[in-house]
Amino acid sequence: MNPYVNEDVAWQRLKDMQLEAENRRLTGRKEPWLARVRRVATRAWFLAGLGSQRPPRRGPRTATKWGSSTGR
């Protein structure tokens, strides 16, 4: 038995997969460029919003002199 049969089969399978991917790309649905730009802009807007979120603010503190709670 040829020891390289498995390699030949794997190589043929790789070529078949590449051909299938190329055919799928060529026959696939074309998305208008404006729709692509809109989709990318929406994702960028969403990611920018996630990056700009701030933690919740603390409640107002009572005005005290030198940090004492009695206010002296």
Quiz prompt | For 29, 13, order by how many other beta-carbon atoms lie within 10 Å, fewest first | solution = 29, 13
Self-check item: Cut-off 15 Å between beta-carbons: net charge of the residues surrounding residue 14, Lys and Arg +1, Asp and Glu -1
Solution: -3
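Read-outs throughout are calculated quantities, based only on the coordinates presented, and are distinct from any laboratory measurement. Values in this document were obtained by computation on a predicted structure and should not be read as measured data. Ideal geometry is used to build each Cβ from the backbone, glycine not excepted, and the neighbour counts take in all protein chains shown.
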